[in-house]
Each structure stands twice: as C-alpha cells, then as structure tokens.
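Below: one structure, written as structure tokens.
Bear in mind these aren't lab numbers, they're just calculated from the coordinates by the rules spelled out. Predicted, not measured: the structure shown is a model, and the values here were computed from it. Cβ atoms come from the backbone with ideal geometry, glycine included; neighbour counts cover every protein chain shown.
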Amino acid sequence: MSGTLALLAAAGLAVSPVAQAQNKAPQVLRIGYQKYGTLTLLKARGTLEKRLAPQGVEVKWTEFPAGPQLLEGLNVGSIDFGTVGEAPPIFAQAAGADLVYVANQPPAPQAEAIVVPKQSTLKSVAELKGKRVALNKGSNVHYLLVKALEKAGLRYQDVQVVFLPPADARAAFQRGSVDAWVIWDPFLAAAEQQLGARVLADGRGLVANHQFYLAARPYAEQHPTVVKAIVDELAQLDAWAQSRPQEVAQFLAPQIGLDLRVAEVAAGRFAYGIQSITPAVASEQQKIADVFHKLKLIPKPIRIADALPNPSNAVARGTAP
C-alpha cells in the first residue's frame, strides 16, 4: 500500500476499487485556504489542477483571513475542504458543523506567539494582567493565550481579550489600542520583521500548534477519490518543500502578499510532513475542547471522536470524556 493510501486508510477514507469506480467526481472542488501552509503552496504550484483535470474536476480556491471564517464557509456549504489550526474545528463542531478531520501537519509551536510593540515595557506574560490582548476568536492562538496565562499564574479572565481578525488586530497593535497581540505566521513574521514586535512567549512548551486538513463530511464520503488526490498532492509537496526553504519562500511571498524575508521566516517555522489523525492527536484536541467548554468559550461539551472519519472507532471513542 502506498504512503498516501495508508494515510487515507488510517483516516477511514480509503475506498475499494469498486467504490472508486462508482465514485462520481464533482464538477468543482472548492478549497478554502489562508496565507499560510502547504495548501498555499499547492495553489501556487498548480499540481492539483493537473491531477484532477482528467477527471473533469475544476479546482476553485477561496482565501479566508483565519480558520474560524474558513470553517464557517465549510459549514454553510461554500467550500468542501480546507486547513486550519487546532481551535477552529472545535468551535465549528460546537456550532454544529458536519466536518471530518482528514489529516494534520506535525507540531509547529514556534509559528504562533504573544507579541508586544517594540517600545512596550512589558517583559513577561505575567505582566499582561489587566491588559488588552488582541486575538482572532476561535483561532489556534486562543488556546496559546489560555496556556500561557496558566503557566504565568494568571486566569483567562485576568486579561481583557479583544477579538479582532488579523488585519484589524495589526492596525490596533500599531496604534497602541491593545497592549499585546496573539498571532500566527505569516502575520507573526510580518509583525516581527516590519514592526519590530517583541515575543513574550511562543508555543514552545505550551501548545503543539498542529495544522489540520478538514472536509465537509458529506463531501468526503461522496468523493473519497478526490480527497485522496488532495492528500497525495500535499504529501508530495511536503516531501519537496522540507529541504527547500528558499524555494518555498519564493513561492509563498507573492501568494501571501509579503516580502521575501517575511516569507522566509514563516516558511522556516512551518512543520512539513502530512500525517493521519492518531489517537494521541485526537486526545490533544479533546483536551483543548474540554478547556474551551470549561471557560464557556463554546456553548456545550463536544466529542472530537464524532468528527473523526470513523466515529464508531473504539480507540477514537476513548479520547472523549
């Protein structure tokens, strides 16, 4: 079995030759992406379009400012597949989205951080007590803030959280309307390189910061061969990108609308090597979901197992409370 087929089999999305023959390719595959990660590279290189063209499948790409907005698009049926961080699928699942985890990238804890302006007098996370901290609600950095405050002996309620999407948060950060910003690459790299932003804490020792590939469950179940093609192309692209940081940055820079140096910094902190969703990764997601429910950030408890490719899987069931 090839590496990609093994990955899909582990995800519960592999199909028999008979099922593949019966699988009817859609006219359009709608992919949601952000200014980050392997999907952005895949769009730039155009290999997925070439792969799917013989099947009569057109690939349509839609950019989103952050993961929560992307999964909202998936929930309302405007996209079929996308990539986000750890927190967005939890918020989306709590909101009733019928999504399925397909695969993930390895941890990249340095690719998100709490930053302060270069002139700020703040030197530690503990000094954020009572301060205004900007972040995109429901993004991967939401959990980073929770864990960083916990390590510093503070509660989530000890800071004034200001929910802003990346562009608005950067503007507020620049004009001094917020004291700190919790953000991910490439926005993090841009803030460091262009604004001189100073890191109070990144994800190391606090969070894994996985990137997840997700699909609308009905789409994944109806078109497994298309999902297989996406995963296969991502796996090949990861293998190519892992040892070519300079070329990755050259592809990324025009895609993300940032200069080459920013793209180089962001690409250097990304973790390549698409993987199947393991029980350990699912368990980590469940811990995040439980924390968010405890803090009343999501309205009800959820089971990550219900969003895995095979909800009846006994091991997956064991990851839920």
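Shape of region 107-213 from the C-alpha gyration tensor: rounded (a/c under 1.5, with a ≥ b ≥ c the square roots of its eigenvalues).
Using the Cβ-Cβ distance between K50 and S283 with R0 set to 41 Å, the FRET efficiency works out to roughly 0.65. Please determine, in degrees from 0 to 90 and to the nearest 10, the orientation of helix 166-175 with respect to the longest principal axis defined by the Cα atoms of the chain, where the helix direction is its Cα long axis. The two axes meet at around 10 degrees. Cα convex hull, region 161-201: 73 Å³ per residue, rounded to a whole number. Highest mean packing comes first when the peptides 88-101, 241-254, 296-309 are listed by Cβ atoms within 10 Å, giving 88-101, 296-309, 241-254. Between the listed residues G153, A171, V207, the Cα displaced farthest toward the positive end of the dipole of region 146-262, a dipole computed from Cβ unit charges relative to the Cα centre, is found at G153.
Computed per residue of the chain from DSSP H runs no shorter than four, each worth -39500 (n - 2.57), the mean residue ellipticity at 222 nm is -13000 deg cm²/dmol. Between helix 260-269 and the chain there is an angle of about 80 degrees, using the helix long axis and the longest principal axis of the Cα atoms. Potential lengthening of the chain between Q160 and R175 amounts to 3.7 nm, from the contour at 0.36 nm per residue minus the alpha-carbon distance.
Placing one equal scatterer on every Cα of region 239-298 and applying the Debye formula, the log10 ratio I(q)/I(0) at q = 0.21, 0.22, 0.29, 0.30 Å⁻¹ is -0.77, -0.78, -1.09, -1.15. Given region 186-305 reduced to its alpha-carbon atoms as identical point scatterers, what log10 I(q)/I(0) does the Debye formula return at q = 0.18 Å⁻¹? Debye curve over Cα of region 186-305, log10 I(q)/I(0) at q = 0.18 Å⁻¹: -1.18. Size descriptors for the chain (Cα atoms only): Rg and Dmax, in that order, 19.4, 65 Å. Here region 36-86 and region 146-183 have alpha carbon centers that stand 29 Å from each other. In the elastic network of the chain, a GNM with C-alpha springs shorter than 10 Å, the most mobile of R198, R175, R217 is R175.
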